[in-house]
Amino acid sequence: MNKSGNTYKYVSLLILASVYANGILAQASSQEIPRLVVNITIDQFRSDYMETFCSLFEDGGFSRLLKKGRVYEQAVNNYIPADRASANATISTGSVPYYNGIVSSSWLDRKTLRAVGCTDDLTVKQGKERAAASARNLLTSTLGDELKIFTNGQAKVVSIAPWRDAAILSAGHSADCVLWIDDRSGAWASTNYYPAMQTAWAVQVTANNTIGGKLKTLKWTPYTKTAETMNFFMGGGMEKSFSHSFTGDKRFVDYKRSALVNADMTDMALQTQAAFRLGGDDVTDLLCVQYYAGKYSDASLKDSRMELQDTYMRLDYEVKRLVQTIEEKVGRGKVLFVVTSTGYEDSDDGDYATYHIPSGTFYMNRTANLLNMYLVSLYGRGQYVDAVHHNQIYLNRKLIEQQHLNMKDVLNNAHEFLLLSDGIRDVHTVDRILSPANDDIARIRNTYNHTLCGDIVCEIAPGWHLVNENTGEKYDVSAVPVIFPIIFYGSGIQPERISTVVSTDRIAPTISKSIRIRAPNGCRSLPLF
């Protein structure tokens, strides 16, 4: 009797488990996989500025995304320093630069001691509006690559950006269409690295679309009369309006760092969506779009507040236009939109000296020369410092090996010497970076690659200007983190606000889970939901 009773209980449990499992499967199958993922990355977008200008936004743009989307209010980059290239690579791969290989927009080639761009590739044939560029330096797969693999190449992957590095690194290795605006000609450009870019459509787009003609008469003036002279920043009030023309050799570069370029991004994104019929069938496609929300050209924040305000207003409209148009074409509920930021900000001197705040100029090339003289005094004649790039010092590893010196001893002596320099906050040597002792050094490790980066990383004191007189490089140093949102809106997304601090390497695995494919192969982070 007991035996039959146990059997009855066992069978009952199996039935309940089966019913529960079938219910879960039915629920999962009822959640439609989006036909199209639109991954929108906004360069230098900030949460505090979005909140500052929210009263100026129209219905349907950021207001709609914030109201109806799943919003992670406090996102950060979990590596330092960040720039546009490393940020886009992290978003697309779900891995930090330590793994994906894109440590910066450029680095030093140890063989030639010359700087190379992160997407430079001399093996790719150049042509008219075709750059010698590729994703070859990206060491892992991207979301777009995994989508291609999962669908046996049927999915379409498109990437649109003002800049080459952003377009290529967002797309990955196997995209169909990758387009950016060339700095010299103002034309839409691409690379023959992507076979689809050699088609007639691609040739026509890059040959016939240029912003050069319109810049002859174009002026950037305020978007609306409402905010033409009213400054909505803290302590704002009435302020002088602005008007900018785009002339000279840098006109295309300046244009790409203005609010007006965002309209071109929307136009081309919609054009490619129609040309490739993105979201037109049951195979999920991917469209990556990059917008700009940084300061105008080389202006300081105090001199470009009205332009920045105008940038956010125009950006709100372009996001609205892109979202509404794609939803009308593909179908509401069939598109997953993801909006985030590159999570860094172009440096700004802050005018610290005027207000007696500690600051100064740190000459990177002079410091490297002094270090070499010090090492000569210790080890004898020789060029122990090979080169300097950004805030990194590259040692002559070959010479150190030939003289049978202990690299760790050389690094320790360099570390002690450099710490005595004015303007140095800390010095990180390769051995300490690869074995981080705390979270701050771990974030430096996350954007380090021992084959690409220098042997010594100088952490410049906040408020100081770094100058390299040999290369002309100049930038200001800030340790302040940029807080920005990650917003998921559209297919299957329920409105929610999450205040937990999250990082951008979790975006790719979250999208992968949403469209039920494998996360990129370098991804080590869990999905956000």
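The values are calculated or read from the model by the stated rules, or taken from the named source; none is laboratory data. Predicted model, so just to flag it, every value in this text is computed and none were measured. Quick reminder, even Gly has a Cβ in these numbers, built from the backbone with ideal geometry, and neighbours come from all protein chains shown. Accessible surface areas use protein heavy atoms only, side chains included; no ligands, DNA or RNA. Shrake-Rupley method; radii C 1.70, N 1.55, O 1.52, S 1.80 Å.
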For the Cα atoms of the chain, what angle does the longest principal axis make with the long axis of helix 261-276, in degrees from 0 to 90, nearest 10?
-> 40
Separation between the Ser63 and Asp439 pseudo-spin-labels, each 7 Å from Cα along Cα→Cβ, expressed in nm?
-> 3.7
In terms of solvent-accessible area of protein heavy atoms at a 1.4 angstrom probe, what is the ranking of Lys250, Lys148, highest value first?
-> Lys250, Lys148
Mind listing which trypsin sites (Lys or Arg not before Pro) in region 440-529 are in a DSSP loop and have 16 or fewer other Cβ atoms within 10 Å?
-> Arg516, Arg518, Arg524
So how much slack lies between Lys214 and Thr112, counting 0.36 nm per residue of separation and subtracting their Cα-Cα distance, in nm?
-> 32.7 nm
Which of the chymotrypsin sites (Phe, Trp or Tyr not before Pro) found in region 218-247 are in a DSSP loop and have at most 16 neighbouring Cβ atoms, other than their own, within 10 Å?
-> Phe233
The rounded separation in angstrom of the Cα centers of region 236-292 and region 103-154 is 22
Would you please put 59-68, 251-260 in order of how densely packed they are, using the mean number of other Cβ atoms within 10 angstrom per residue and starting with the highest?
-> 251-260, 59-68
Mind checking the per residue accessible area of the chain for me, 1.4 Å probe, whole number of Å²?
-> 46
Plugging the Cβ-Cβ distance of Lys225 and Lys302 into 1/(1 + (r/R0)^6) at R0 = 35 Å yields, to the nearest 0.05, a FRET efficiency of 0.90
Any idea what the dipole of the chain comes to, in debye rounded to 20, about its Cα centre with Lys/Arg Cβ at +1 and Asp/Glu Cβ at -1?
-> 1500
Say each of Thr199 and Ala353 gets a label point 7 Å from the Cα, pointing the same way as Cα to Cβ; how far apart are those two points in nm?
-> 5.6
Hey, what number do you get for the chain at 222 nm if only DSSP H runs of n ≥ 4 count, each worth -39500 (n - 2.57), divided across all residues, to the nearest 500?
-> -10500 deg cm²/dmol
Of every hundred units of 1.4 Å-probe accessible area on the chain, the number belonging to carbon and sulfur atoms, as a percent, is 52
Relative to the first principal axis of the alpha-carbon coordinates of the chain, what is the inclination of helix 84-93, with its axis defined by its Cα atoms, in degrees from 0 to 90 and to the nearest 10?
-> 30
How would you classify region 175-214 from its alpha-carbon gyration tensor, with a ≥ b ≥ c the square roots of the eigenvalues: rounded for a/c under 1.5, else prolate if a/b is greater than b/c, otherwise oblate?
-> prolate
If you compute P(r) over Cα pairs in 20 Å bins from 0, in percent for the structure shown, which of (i) 19, 51, 29, 2; (ii) 20, 51, 23, 5, 1; (iii) 21, 52, 25, 2 do you land on?
-> (ii)
Treating the angle as unsigned and between 0 and 90°, give the value, to the nearest 10°, between the Cα long axis of helix 364-379 and the longest Cα principal axis of the chain.
-> 60
Along each of the three principal axes of the Cα atoms of region 380-529, give the extent in whole Å, ordering the values from largest to smallest.
-> 67, 34, 29
Global geometry of region 488-529, whether rounded, prolate or oblate, following the gyration tensor of its Cα atoms and the 1.5 cut on a/c = oblate
